[in-house]
Amino acid sequence: MSASKIQPEYLEPGDEVMIVSPAFCLDETKLTEAVDFLARWGLKAYTGKNAAGHYGPFAGTDDERLADLQEATDNPSIKAVFCSRGGYGVSRIIDKVDFKGLKKHPKWYVGFSDITVLHIWLSELHGIMSVHGDMPLNYFNPDKTATTFSTLKDCLFGNPYNLSWDGSFFRERAIKGEITGGNLSLFYSLIGSPAEPDTKGKILFLEEVSEYYYHVDRMLTSLKLAGKLRDLSALVIGGMSRIEDTKIPWGRSIEDTVLDIVKEYNYPVLFDFPAGHIPDNNAFYIGRQCEISIRGNNAVLSFM
């Protein structure tokens, strides 16, 4: 079991936060709306200089995106960094960010999808907790549930809450451990990197969107071959959205695919966790200890 991660101080009304775009670009209108959204929580939100930039699909060049992320990281007055959206791009700049100052002034980093790279980098190399949650791209998305944002606020402001959901559970028993994980594509892409994930004894959360069934199988198999699925406390599967078939049908569900890959292990496997590229994208902490209790088809995650 890894040592406990550093937990940044919870936010309070009046705190300064920054919105940056380390991956794909986002329309300036949505950034302005996000500033207003966070103001309703009592936060003073600023946007990075290049947050609305454009360079191909990216929010500016690598150097421009890096500059914003570094500025937000270096400024001790900024208590939380909100990534405006995912897409792709964090992997191109993550090894150039200097996070040394976080030991003295830890802060929250928020996002999901491509931001998985940032979460795991912070967790594995710097021992900092972060928040897996929705982003400014979706702050006014009418398809999102109220709990998508209430849980995000609860995480950041330290309001106690539990995540309860109904799903399919296998090898049921009480579960304790530190949560790691995120988007499957990005998580598995970190194998062999300086931030290669340590999954031993941990609760591994995985979600995915717009992939083929065999791609999901391939990535999970790669994680298995790398030993990342061997010694888990539990495997928790979130949203698996818009998973597509090929001309020759895969012939198995995501549930069947996952269970086949981990059939030789004896830890619990939980499906339908309410997080990922889905309307009910509940926020939770990456790098924090929690416990999960199961009764019938209902599970409850609570943080320790």
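The helix-based estimate of mean residue ellipticity at 222 nm for the chain, built from -39,500 (n - 2.57) per DSSP H run of four or more residues and divided by its residue count, is -7500 deg cm²/dmol to the nearest 500. Three principal axis extents describe the C-alpha atoms of region 106-145; from largest down they are 37, 18, 13 Å. Using all pairs of distinct alpha-carbon atoms, the Kirkwood hydrodynamic radius of the chain works out to 19.4 angstrom. Straight Cα distances below 22 angstrom link LYS153 to the lysines LYS5, LYS30, LYS44, LYS79, LYS107, LYS144, with same-chain residues fewer than 8 positions distant left out.
Please compute the modelled spin-label separation between ARG92 and SER168, points set 7 Å along Cα→Cβ, answer in nm with one decimal. It is 3.8 nm. Centroid-to-centroid, using Cα positions, region 1-45 and region 131-188 are 16 Å apart.
Computed over protein heavy atoms with a 1.4 angstrom probe, the accessible surface ordering of ASP68, ASP62, largest first, is ASP62, ASP68. Taking each residue as 0.36 nm, the span from GLU28 to ARG242 lengthens on full extension beyond its C-alpha to C-alpha distance by 74.3 nm. What a 1.4 Å probe finds exposed on region 1-57 is 49% carbon and sulfur by accessible area, rounded to a whole percent. Counting charges near LEU225 (Lys, Arg +1; Asp, Glu -1) among other residues having Cβ under 14 Å from its Cβ returns a value of +1. Rounded, prolate or oblate, given the Cα gyration tensor of region 1-127, with a/c below 1.5 counting as rounded? Because a/c hits 1.5 or more and a/b fails to exceed b/c, region 1-127 counts as oblate. Remark: the Cα gyration tensor places region 8-49 in the oblate category, a/c being 1.5 or greater and a/b not exceeding b/c. Normalising the average separation of contacting C-alpha pairs (under 8 angstrom, six or more residues apart) by the number of residues puts the relative contact order of the chain at 19 percent.
For SER189, neighbours were defined as the other residues whose beta-carbon sits under 15 Å from its Cβ, and their charges (Lys and Arg +1, Asp and Glu -1) total -4.
The values are calculated or read from the model by the stated rules, or taken from the named source; none is laboratory data. Just so we're clear, the structure is a prediction, and the values are computed from it rather than from any experiment. Note that we place each Cβ from the backbone using ideal geometry, even for glycine, and neighbour counts take in every protein chain shown. Heads up: the accessible areas ignore ligands, DNA and RNA and are worked out on the full protein's heavy atoms, side chains in. Shrake-Rupley method; radii C 1.70, N 1.55, O 1.52, S 1.80 Å.
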